[in-house]
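Written out below as structure tokens is the structure these notes cover.
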Amino acid sequence: MHEYPQQSSGRRPAPGRGRRRSRRASWTGAGIACALLLGGAGCAGPDRDRSSGDGAARPGGPGPSAATPSSAAKPAEPSAAPVPSGDPDVQMPAGPRSEFRQTATLDDGTVVSRTRLAGAKSGFEGDVWVWTPKEYDDPKYARSAFPVLIALPGGNGFPANYWADRSLGLQKAVSDGVRAGTSLPFVLVMPVLNPDAKYYYDGSDIPGRPKMGTWIAEDVPDFARAHFRTYRSRDGWAFMGASSGAFVGMKTLLQHPDRFKAVIASGGETTPDSPLWKGHQAEMDANDPGKLAEKLIANGGPDVYVNFQVGTKESGKDRMTKFAEQYGKGPVKTTIRDIQNGEHNGWHYVRGMKEGSLEWISKVMKGPVPAAG
């Protein structure tokens, strides 16, 4: 078993500006970033599937109920869907359907799959990985929706989302939590975070740049609704993320509290600082978590839930504490979880989720309801 390396925060200082003490060393390229993030295992890219998946095309979707392996390049026609339950919050998938390629198989038979998404609203095209728990294909839940957890990586977040790598254990943590009664059976949706490995975009629509804010807040959820049984209300939508991804998840939650309800933010930043914001102060302010929290507090809601996670062997807790003290009031509910002996890496953040954060977020989200009888 190899040791998980220390990760960069994945956020780079603007040219000519000194690093803040909270920043860790930046990577010099996507190849180095992938090696660090995945323990030297490499990265999944548009033309290469990795891990233990068979790489076969599943035109219908990622789960065991997907279509049989096919080399067809076109999406399959949607199959007849079960009639939804009496809960008006349940939204059945309406398509269009994408072709998925399996990239990893877990010990319980569930799979991680990848597809290419052309964002209709952002205009950005990128890869998205998905995973559904065993419960999703259980006939007793065939008429129920499932909560969606959008998992965002740190680092460059391009060309891969490292949460799709089974070695980090995110999917297993959810499955184990379901069996233990401490986690809802979340559908995990894992998009790329940035459009390239040169800059970071703060998960925002920076003028003149790819609209990564629209990609995360609109295109990715629309994709999930097209393929899975989801909830219409925000009670079924949340984020989790590490470092840069934690910032984007928290920022998007505060920016769109009508669409999302909670976030697990691990080792993240609390202020926008992409070098691409230069000359766009007003737009940057509109993507500042602090200013967004102030607006939400002034409006009196709706309630949102922010669970910070931080390792006791990493820096950054002071930023989280300051944010919680200043903005954790009224509708902005904040908690901070210390991960004992935790460092700035995905394995330790998953451990924090297993130790309590998954249970925390499950208590504020809506879960699937089995059919009566």
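Once the dipole of segment 308-372 is set up with Lys and Arg at +1 and Asp and Glu at -1 on Cβ about the Cα centre, which of Ala371, Gly311, Thr334 lies farthest towards its positive end?
Ala371
Just add up the charged neighbours of Gly300: K/R +1, D/E -1, any other residue whose Cβ is under 15 Å from the Cβ of Gly300.
Values: positive: Lys295, Lys329, Lys333; negative: Asp258, Glu294, Asp303.
That works out to 0.
Tell me, what is the percent relative contact order of segment 83-237, built from C-alpha pairs under 8 Å that lie six or more residues apart? Present the calculation step by step, with values, prior to reporting the outcome.
Values: 292 pairs, mean separation 49.3, N = 155.
Rounded, it is 32 percent for segment 83-237.
How large are Rg and Dmax for segment 214-373 when only the alpha carbon atoms are used, in Å?
Using the Cα atoms of segment 214-373, the pair Rg, Dmax is 16.0, 61 Å.
Can you compute the modelled spin-label distance between Lys134 and Ala371, with each label point 7 Å from Cα toward Cβ, in nm?
Going by the 7 Å Cα→Cβ label model, 2.0 nm.
With the full set of protein chains in place, find how many percent of the accessible area of segment 209-264 is carbon and sulfur; take the probe as 1.4 Å.
The nonpolar share, carbon plus sulfur, comes to 37 percent.
So how many Å³ per residue does the convex hull of the Cα atoms of segment 106-155 work out to?
Taking the convex hull of the Cα positions in segment 106-155, it is 127 Å³ per residue.
Tally Lys/Arg at +1 and Asp/Glu at -1 over every other residue whose Cβ is under 13 Å from the Cβ of Tyr349; what's the total?
Surrounding charge for Tyr349 is 0.
If packing is taken as the average number of other Cβ atoms within 10 Å across a peptide's residues, how do 349-361, 103-115, 310-322, 293-305 rank, most packed first?
Highest-to-lowest ranking by the protection proxy: 349-361, 103-115, 310-322, 293-305.
The values are calculated or read from the model by the stated rules, or taken from the named source; none is laboratory data. In this text, all values refer to a predicted model and were calculated from it rather than measured experimentally. In this analysis, Cβ positions are derived from the backbone assuming ideal geometry, glycine residues included, and neighbour counts consider all displayed protein chains. The area values use the complete protein model at the heavy-atom level, side chains included, leaving out ligands, DNA and RNA. Shrake-Rupley method; radii C 1.70, N 1.55, O 1.52, S 1.80 Å.
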